[in-house]
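Laboratory data are not the source of any read-out in this text; all were calculated from the coordinates shown. Since the model is a prediction, treat every value here as computed from it, not as a measurement. Heads up, the Cβs are rebuilt from the backbone with ideal geometry, glycines too, and the neighbour counts pull from every protein chain shown.
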Amino acid sequence: MLDHCELQEMRSAGAYYSWTNKVVRSRIDRAFIDSLWHETFDFTQVTYMANGLSDHTPLLAKPDDTGLQAKEKEQRERYIATLTSILSLLQQQSKMKWIQYGDEGSRLLFAKAKQRKLATYIYTIKDDSGNRVEGFEPVGQGCTDPSRWDWQGAPTYKLGKGYKWQLKVQRHVNWTKLVWARTVIPRHSFIAWILINHRLPTRSRLSKFQHLSTTLCPLCNAVEEDENHLFLTCHYAQTLWTSLQQWWPVPLATDINSLVHKIRRIKAAPAKNRITYAIFTAIVYYIWRAQN
Ligand SMILES: [Zn+2]
């Protein structure tokens, strides 16, 4: 094949082997030249260089022609110069774009900031006679005169008052602390809260909405199960409340409302009261659990 193509191996210098896998070494890379090469260059040789990234060594064919070498050097320098110019041009272009887009970005940012700021300004307002005045100047005039500003009968607007006003009228109950005290376990709170609102589905209450085979209390099977019976007057509840008296005094009553009222009227240290609330709600919870 080599003979057919009239090729000869080039004279070489440097390492003998051109490839290694760190165990086997082999000269599998060779440089071949034809007659035209011989005609063009007087004396050339290929250098087997040190291998770098590849497991093959690079082969460097260097014609022994100083003129050509100089030309090559010149071309190489020209290539590097061109490449550097292109790169710096691209860098400059991207820098320009960056500045351009950056400017646009900050313009947008400032516009947004201005918009947000504007949203907090009052630009129009209704005056005393109900006419709408517009512009910062008239609004400012309206606001600087305290006699013209009246909110809920007060010259100043208080955040807390405004909040309550937004919530409309709230029902005030005296048992809030009893049900929602820190000491009370949430699931106990929930049952006690429904009980105090008289919404627990006792048999007596359920029978108003649906037919029940019996409305008798499941704990004693003797009296109709309404909330006062189940939680206070039933034998089961009575036992609980009275045995409780031995270690923690809780008022006794025959209906829920008066019991709540009595508990709320206990004069004791707040911490002690919170324990009473926790006990009350716990008993309510466990009676309800026993019934169900
Ligand atoms: Zn009962």
**OP:** Quick one: work out Rg over Rh on the C-alpha atoms of the chain, Rh as Kirkwood radius.
**Re:** 1.55
**OP:** Multiply the residue separation of residue 213 and residue 111 by 0.36 nm, subtract the distance between their alpha-carbon atoms, and state the gained length in nm to one decimal.
**Re:** 29.4 nm
Original post:
What FRET efficiency would be calculated for the residue pair residue 152, residue 119, taking the C-beta separation as r and a Förster radius of 30 Å, to the nearest 0.05?
Top reply: 0.75
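State the extension gain, in nm to one decimal, for the chain segment bounded by residue 77 and residue 171, taking 0.36 nm per residue of separation less the distance between their alpha-carbons. Walk me through the intermediate numbers first.
Numbers: separation 94, 0.36 × 94 = 33.84 nm, distance 9.01 nm.
Using 0.36 nm per residue and subtracting the Cα-Cα distance, I get 24.8 nm.
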Original post:
Of 135, 105, 14, which has the largest mean-square fluctuation in a 10 Å C-alpha GNM of the chain?
Top reply: 14
Original post:
What's the long-distance tail for the stretch 136-287, i.e. % of Cα pairs beyond 29 Å?
Top reply: 40 percent
**OP:** Compute the FRET efficiency between residue 255 and residue 292 as 1/(1 + (r/R0)^6), taking r as their Cβ-Cβ distance and R0 = 30 Å, and round to the nearest 0.05.
**Re:** 0.90
**OP:** For the stretch 1-33, run through the chymotrypsin sites (Phe, Trp or Tyr not before Pro) and keep only the ones in DSSP coil with at most 13 other Cβ atoms within 10 Å of their Cβ.
**Re:** 16
Original post:
Given the rule -39500 (n - 2.57) for each run of at least 4 DSSP H residues, summed and divided by the residues of the chain, what is its mean residue ellipticity at 222 nm, to the nearest 500 deg cm²/dmol?
Top reply: -15500 deg cm²/dmol
